[in-house]
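Data first, discussion second: the structure below is written as structure tokens.
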Amino acid sequence: MARIVMKFGGTSVADVDRIRNVARFVRREVESGHSVVVVVSAMAGQTNKLVEFCKNVGSPSPALDMQNIEYDAVVSSGEQVTSALLALTLQNLGFRARSWQGWQIPLKTNNAHGKARILEIPETNIGPAIDGGEVAIVAGFQGIEKNSRITTLGRGGSDTTAVALAAAIGAERCDIYTDVDGVYTTDPRIAKNARRIPRISYEEMLEMASVGAKVLQTRSVELAMAYSVRLRVLSSFEEPGFADESGTGTVICGEDEIVEQEIVSAITPSRDEAKISLIAVPNEPGRAASIFIYLADANINVDMIVQSPSRSPDSANISFTMHVNDIETAADLLNKRKGEIGFSDITLDKEIAKVSVIGVGMKSHTGVASVMFKTLADRGINIQNISTSEIKISVLIDSEYTELAVRALHQAYGLDQLGG
Ligand code: ADP
Ligand code: ASP
Ligand code: MG
């Protein structure tokens, strides 16, 4: 019997009716002879509520470990509820089903509370349990660190739980069920003309996720790529049964399996960006290093970095972006070391967005950047920062223009649906 992992996100388990719907999907796979692990998220909106609770009792700062231990204990609880509710629902339908929390697997992580990383693919007895006819319902998003404290894997982390377990049990595939029927050329909520991508390479999906396409957590794609987990994105809002190779959903696979390759595959916006600018940092070796070492020590991921001349030849302005949730902590940290780093002023900007174009075709085609810059210029959109990789160009713009930029670029690269 082939083992499979099915993951259901927050909207797919949003209430008891939606959980019953998930049970139908699971039943179909079990009855077709699969050994099934199901990974669930918290009910839609629940994690946000739990995060709010924590904020209301005093904002947990990523720099303060003790508080974050409790933050994780709170925010992981949403998945405990849905995993047990789904197990109960399946039991009531006559299946042998059992819930598993992160510590029961155990899913071992480092102790970066709030954004912990899985340390090793777990050796777990879930595999034998499902081969014996049980359905394992795993609470996504949560793990355990070496002192037996609960950790969470960062927002969207249930995707990563699912892929890690698929790798651990040698699953034939890992199906990610969500509220869209696949990965699209851009966020379908922004552009009605977005097209479903039937197959996309790990590499492109990784780039899309890392620049902000929320449909899969970045780390889940990294793990899928590293362990060759066959990943599919499907909708739980359509009838089960379509989940065969019948032409819906998106398969994330190796580049060699993709016959037709677009030059640009997707446009990805991200509004979760914020920018810090440090004014007049002394222009001498070691200053930039000290800024970014402090931020790295606080687990703050820095993205686009630009150094530009300041008024005085002896100093430079340094600006960089990060996730908007990290900006206050980063600013506090830098302000505390103002004297040592030597900047004269610090400014924060949350009204920015990053828009990225992604495509493996960029490796061998020229002109992608010029189309991007001209398209934005024609709409009067100013580019603040630019960063590139082999298969991606990202620009930072005023957040007010996000949707305009996405739609214009989607059209400029010929991604709009025909007839749309
Ligand atoms: P879940 O709760 O199931 O994990 P998420 O909200 O994390 O779902 O991810 C699904 C959402 O991702 C979709 O509703 C869609 O708005 C958004 N999204 C962003 N970019 C894309 C894209 N390129 N293709 C599909 N969905 C995308
Ligand atoms: N419930 C968590 C979140 O909202 C994890 C997940 O849904 O993947 O981020
Ligand atoms: Mg998600």
Segment 166-179, subset in contact with a helix residue (DSSP H, G or I) (Cβ under 7 Å, 6 or more places away or on another chain) and among the aliphatic types (A, V, I, L, M), residue nearest to Leu119 (Cα to Cα): Ala167
Odd one out for Gln307, checked against (1) buried (at least 19 other Cβ atoms within 10 Å of the Cβ); (2) part of a strand (DSSP E or B): (1)
Of all residues in segment 161-193 being within 30 Å of Val302 (Cβ to Cβ) and of a type in the set (Gly, Ala, Ser), the one that is surrounded by the most Cβ atoms within 10 Å (Cβ to Cβ): Ala162
Residue selected from segment 5-23 under the condition without any contact (Cβ under 8 Å) to a residue 40 or more places away in the chain and in a loop (DSSP other than H, G, I, E, B), by the criterion surrounded by the most Cβ atoms within 10 Å (Cβ to Cβ): Ala14
Close pairs (6 angstrom Cβ cut-off, 6 or more residues apart or separate chains): without any contact (Cβ under 8 Å) to a residue 60 or more places away in the chain in segment 143-157, within 16 Å of ligand 2 (Cβ to nearest atom) anywhere: Gly143/Gly102; Gly143/Leu107; Gly143/Thr109; Gly143/Ala116; Gly143/Thr151; Ile144/Gly102; Glu145/Thr109; Glu145/Thr151
Only listed residue being among the β-branched types (Val, Ile, Thr), over 22 Å from Val324 (Cα atoms), within 16 Å of ligand 3 (Cβ to nearest atom) and assigned to a loop (DSSP other than H, G, I, E, B), chosen from Val163, Val138, Val180: Val180
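Say whether the condition of being under 18 Å from the mean Cα position of the chain (by Cα) and not hydrophobic (A, V, I, L, M, F, W, C) is met by at least one residue in segment 11-34. Give the derivation first.
First, the residues of segment 11-34 that are under 18 Å from the mean Cα position of the chain (by Cα): 11-12.
Adding the requirement that they be not hydrophobic (A, V, I, L, M, F, W, C) leaves 11-12.
Yes.
Determine if segment 338-349 includes at least one residue that is touching a Leu at 6+ places or on another chain (Cβ under 7 Å), part of a helix (DSSP H, G or I), touching a residue at least 12 places away in the same chain (Cβ under 8 Å) and not aromatic (Phe, Trp, Tyr).
Step one: list which residues in segment 338-349 are touching a Leu at 6+ places or on another chain (Cβ under 7 Å), which gives 341, 343, 346.
If we keep only those that are part of a helix (DSSP H, G or I) too, we end up with 341.
Going one step further and asking which of them are touching a residue at least 12 places away in the same chain (Cβ under 8 Å), we end up with 341.
Remaining after also requiring not aromatic (Phe, Trp, Tyr): 341.
Yes.
Determine if segment 108-115 includes at least one residue that is over 28 Å from Ala330 (Cβ atoms), crowded, with 17+ Cβ neighbours inside 10 Å, more than 16 Å from ligand 3 (Cβ to nearest atom) and not basic (Lys, Arg). I'd like the intermediate steps shown before the answer.
Quick first cut of segment 108-115, residues over 28 Å from Ala330 (Cβ atoms) only: 108.
Those left that are additionally crowded, with 17+ Cβ neighbours inside 10 Å: 108.
Imposing the further condition that a residue be more than 16 Å from ligand 3 (Cβ to nearest atom) reduces the set to 108.
Next, only the ones that are not basic (Lys, Arg) stay: none.
Checking segment 108-115: not a single residue is over 28 Å from Ala330 (Cβ atoms), crowded, with 17+ Cβ neighbours inside 10 Å, more than 16 Å from ligand 3 (Cβ to nearest atom) and not basic (Lys, Arg).
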Options Thr321, Thr329: the member that is modelled with pLDDT of 95 or more and not in a loop (DSSP other than H, G, I, E, B): Thr321
Residue within segment 202-211 that is away from ligand 2 (no atom under 15 Å from the Cβ), in contact (Cβ under 8 Å) with a residue 24 or more places away in the chain and within 25 Å of Gly78 (Cα to Cα) present: no
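The values are calculated or read from the model by the stated rules, or taken from the named source; none is laboratory data. Predicted model only: the values in this text are computed from it and were never measured. We place every Cβ from the backbone using ideal geometry, glycine too, and count neighbours over all the protein chains shown.
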